[in-house]
Number of protein chains: 2
Amino acid sequence: MPEAQSPTRKRIVDAATRLFYAEGIGRVSVDAVAEKAGLTKRTLYYHFKSKDDLIAAYLDGRDQPNLKRMAGWFEADQGGVDSKVEAIFANLAVAARHPKWKGCGFLRTAAELASMPGHPAVKVGSRHKSNFEAWLAGALSGHGIEEPEVVAREIVLLIDGSFSIMLIHRNPDYIEAAGRAAATLVRARTPDRD
Amino acid sequence: MPEAQSPTRKRIVDAATRLFYAEGIGRVSVDAVAEKAGLTKRTLYYHFKSKDDLIAAYLDGRDQPNLKRMAGWFEADQGGVDSKVEAIFANLAVAARHPKWKGCGFLRTAAELASMPGHPAVKVGSRHKSNFEAWLAGALSGHGIEEPEVVAREIVLLIDGSFSIMLIHRNPDYIEAAGRAAATLVRARTPDRD
DNA sequence: TTGTGTATATTCACTAGTCGGTATACTTAG
DNA sequence: CTAAGTATACCGACTAGTGAATATACACAA
């Protein structure tokens with residue numbers, strides 16, 4: 001029985017993360033992951049019972065880092081809540097300009113697995129996106145927004161729309177347009193206090 | 001040299017469309033497409049020089065039908081422009097409840113090809129999405145909206161966000177939330193005329 | 001200290017099947 | 001007779017997953 005915190009397991013997940021994100025889960029073989037991790041495929045299968053298992057572990061490992069990154073951008077901005085929201089998009093647009101940027105790993109994996117809705121990796125993705133939406137709703141409340149859950153969901157839709165459309169057009173202007181739309185929606189739910 | 005309008009070619013594209021949309025381009029083999037079309041792989045390769053070529057033809061064939069469908073929903077709604085926009089999302093939500101619905105073929109293909117940004121199929125997808133955005137901007141203008149191109153782009157982001165997030169959560173409520181957000185954004189750019 | 005048992009961790013070599021693509025030959029219509 | 005179109009059969013490369021042997025490390029008894 002392999003250890004859950006084994007350093008070997010971590011090396012495998014690290015290798016899988018790099019390859020799966022760069023090429024997509026369907027274009028990366030288990031052999032390639034094993035080679036990148038510097039061990040044999042049989043060892044990989046000692047630590048993971050299947051490729052599907054490994055894919056789920058890959059996404060699971062991205063949950064917290066992604067959340068922290070987004071939260072960091074929101075909290076670092078010194079403006080009002082509309083500015084804080086727009087800052088998420090501005091930082092996303094910067095990241096999207098990096099040549100290694102390939103969109104959102106959760107969404108791309110879900111797209112590749114569209115014919116297998118119950119796949120464990122899709123469930124991990126669903127949980128991650130729900131976590132983010134819940135965090136955002138919490139972050140919005142306390143800023144005088146009327147229905148923070150509604151606005152959080154609208155922002156989530158704009159973020160994921162940005163991710164998707166970037167893969168088609170490769171034009172970060174769309175992310176900035178989404179940021180302005182998000183700020184508009186925030187203000188639409190913020191009662192004037194004059 | 002194969003004919004561009006050959007009925008055999010059409011049969012191949014029809015078979016490819018069904019399989020690629022249902023399973024994703026990476027999970028469908030050329031053999032499977034040939035079998036579904038009722039001919040051999042060699043015949044398929046007489047009409048298409050590669051699988052990549054076939055993928056591009058598949059998406060190219062979806063351009064006009066998709067545009068007409070969206071335009072039909074917009075035009076059929078009898079309300080104001082905000083209601084017409086929301087009608088697109090309402091109809092999308094209905095479609096998304098069908099068990100065979102697997103999201104947007106253009107976006108899913110772009111996600112699968114994220115590591116090959118110049119792929120011909122991605123270009124076809126980019127053109128399609130631009131066509132839709134341009135049509136929408138045109139449809140919005142003449143309804144007293146201040147910057148129809150800006151609003152069209154915001155709506156496009158919400159539509160593609162709906163497609164993506166549906167593949168993760170499989171919950172059409174998100175599409176309806178996107179529709180309400182889109183209507184809000186339309187009204188935010190429609191000056192009061194009282 | 002030495003020897004033995006045991007659980008964890010790793011390797012090599014392999015299976016059975018699929019992949020995109022093609023060489024060659026046949027059919028059929030003009 | 002020719003050329004477009006279709007079929008059979010095949011290629012080498014790659015696929016996920018496995019069987020059997022082995023290396024390593026530590027526990028405990030003599």
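The values are calculated or read from the model by the stated rules, or taken from the named source; none is laboratory data. All values derive from a computational prediction rather than experimental measurement. Every residue, glycine among them, receives a Cβ derived from its backbone with ideal geometry; neighbour counts consider all protein chains shown. The area values use the complete protein model at the heavy-atom level, side chains included, leaving out ligands, DNA and RNA. Shrake-Rupley method; radii C 1.70, N 1.55, O 1.52, S 1.80 Å.
Things worth noting here:
- Measuring heavy-atom accessible area with a 1.4 angstrom probe and counting protein chains only, the residues of region B:103-132 that give up at least 50 Å² relative to the chain alone are B:Ala111, B:Glu112, B:Ala114, B:Ser115.
- With each label modelled as a point 7 angstrom along the Cα→C-beta vector, the B:His143-B:Ala32 pair spans 3.9 nm.
- Ligands, DNA and RNA aside, A:Tyr21 has an accessible area near 60 Å² when probed at 1.4 Å.
- Evaluated at q = 0.13, 0.23, 0.25 Å⁻¹, the base-10 log of the normalised Debye intensity for region A:99-194, with identical point scatterers placed on the Cα atoms, takes the values -0.54, -1.17, -1.24.
- For the protein assembly as shown, with all protein chains in place and a probe radius of 1.4 Å, 50% of the accessible heavy-atom surface sits on carbon or sulfur.
- Magnitude of the charge dipole, region A:36-145, Cβ model with Lys/Arg +1 and Asp/Glu -1, debye to 20: 680
- Net charge of neighbours whose Cβ lies under 12 Å from the Cβ of A:Phe132, counting Lys and Arg as +1 and Asp and Glu as -1: +3
- Relative contact order %, region B:1-88, counting alpha carbon pairs below 8 Å whose residues are six or more apart: 25
- Counted charge near B:Gly61, where neighbours are those whose Cβ lies closer than 14 Å (Asp, Glu -1; Lys, Arg +1): +4
- Chain B - percent relative contact order, Cα under 8 Å, separation 6 or more: 22
- Rounded FRET efficiency, nearest 0.05, which uses the C-beta distance separating B:Ala71 from A:Asp53 and R0 of 41 Å: 0.40
- Given charges at Cβ of Lys, Arg, Asp, Glu: the protein assembly as shown dipole, positive-most of B:Phe48, B:Val122, B:Ile25: B:Phe48
- Considering only A:Phe89, A:Pro99, A:Ala177, and ranking their Cα positions along the charge dipole of region A:62-188 that arises from unit charges at the beta-carbon of Lys, Arg, Asp and Glu, the one farthest toward the positive end is A:Pro99.
- Distance between the 7 Å Cα→Cβ label points at A:Arg170 and A:Lys41: 3.2 nm.
- Ligands, DNA and RNA aside, B:Leu19 has an accessible area near 30 Å² when probed at 1.4 Å.
- Rounded to the nearest 500, the helix-only mean residue ellipticity at 222 nm of the protein assembly as shown stands at -24000 deg cm²/dmol, with each DSSP H run of n ≥ 4 adding -39,500 (n - 2.57).
- Value of D in µm² per second that Stokes-Einstein yields for the protein assembly as shown, Kirkwood Rh from Cα pairs, at 4 °C (1.567 mPa s): 59
- Paramagnetic label zone (point 7 Å from Cα along Cα-to-C-beta, A:Trp135; backbone N under 14 Å) in region A:43-80: A:60-76
- Solvent-accessible area per residue in chain B equals 46 Å², computed with a 1.4 angstrom probe and all protein chains kept.
- If you model chain A as an ellipsoid using its alpha carbon gyration tensor, with each semi-axis the square root of five times an eigenvalue, the axes come out at 35, 17, 14 Å, biggest first.
- Pairing chain A with chain B buries about 3600 Å² of accessible area. This figure sums both sides and uses a 1.4 Å probe.
- Accessible area (Å², 1.4 Å probe, nearest 10) - A:Thr190: 40
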